[in-house]
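S.K.: I have a structure I would like to understand better, so I am pasting it below and will then ask my questions one at a time.
Read the figures in this text as sums done on the coordinates, not as results from a lab. All values derive from a computational prediction rather than experimental measurement. For neighbour counting, all protein chains shown are included, and Cβ atoms are generated from backbone atoms with ideal geometry for every residue, glycine included.
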């Protein structure tokens, strides 16, 4: 299914906004390192979800691949955050 | 100015009910490749995180050498290129070939900008004495970003070749398939960077 130009533009705005907010949290917020890591990696997973749905056309994926990438995002985020707290 | 070619092949379209919904769902080989590629990076993320947990001070010291601003610029460049690429595919599917070609050219140009920024980062790191053998952090930094950069350059080559073929009027069904597979691949490169950037530059 094709995304509308408006949907593609909104996805880009969202990706840029989350990137800038992640940078602000990491560089200027002064919060604890572990919390900062959790926030920026969770933000990465959200950005990944946006790219999958809006740009990669996840709806046209075969079912196994939708499940795979859904799990891939979660597992990558949990692994990176989890080891930071270990 | 030559005649603008039509991307959509009418014979191919006759086999589909909706030309806007011609998905790649039957290309199991391509999907397997995409999944395998993502798995490779997931393993690298796992190994990096595992090693970082045993030497956090060494990794933090290495991370402080990186220029966060350059990583941020590259993130913005890559998400912008993905927007252009998705818009290009949309225009091509709707026979707006001229606009689609411009968007493809923009995508490739942003890919080159990403590569230029990344290489400048490598030069900065090397000039300050940080090589692949300096520390575990820089070993991972050069390996992960190097493999990712290789992926991006393959994407640039695919986009340029397909764009050129469409520009000169070559419009075989294979070109459409390569363009759409190339677009998915491009977005995968973007998706991977969404984790590489915070993992290497931001997470402390």
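S.K.: Could you tell me the largest-minus-smallest coordinate of the C-alpha atoms of chain B on each of the three principal axes, in descending order and whole angstroms?
M.R.: 61, 36, 21
S.K.: Inside 10 Å of the C-beta atoms of B:172-185, what's the mean count of C-beta atoms belonging to other chains?
M.R.: Whole-number average of other-chain Cβ neighbours for B:172-185 is 1.
S.K.: How many nm separate the modelled label positions at residue B:115 and residue A:42, each set 7 Å beyond the Cα in the direction of the Cβ?
M.R.: 3.8 nm
S.K.: Among A:68, B:185, which comes first, then next, by fewest other beta-carbon atoms within 10 Å?
M.R.: Sorted ascending by nearby Cβ count, the order is A:68, B:185.
S.K.: Still on this model: If I take all pairs of Cα atoms in the range B:42-149, what percentage of them are more than 24 Å from each other?
M.R.: I get 39 percent for the Cα pairs in the range B:42-149 exceeding 24 Å.
S.K.: Relative contact order of chain A, please, whole-number percent, based on alpha carbon pairs below 8 angstrom and at least 6 residues apart.
M.R.: Dividing the mean separation by the residue count of chain A yields 37 percent.
S.K.: Take every Cα pair under 8 Å in chain B that's 6+ residues apart, average their separations, divide by the length, and report that relative contact order as a whole percent.
M.R.: 35 percent
S.K.: Which value in Å is the Kirkwood Rh of the protein assembly as shown over different Cα pairs?
M.R.: One over the average 1/r among Cα pairs gives 19.7 Å for the protein assembly as shown.
S.K.: Still on this model: For the pair residue B:65 and residue B:128, how long in nm is the line joining their label points, each one 7 Å along Cα→Cβ?
M.R.: With each label point 7 Å from Cα toward Cβ, the separation is 0.8 nm.
S.K.: Using only Cα atoms, figure out Rg for chain A and give it as a multiple of 2.2 N^0.38 Å.
M.R.: Normalised by 2.2 N^0.38 Å, the Cα Rg of chain A equals 1.23.
S.K.: In nm², what is the average projected area of the convex hull enclosing the Cα atoms of the range B:120-204?
M.R.: Spelled out: convex hull of the Cα atoms, projected over all directions, averaged, 6.8 nm².
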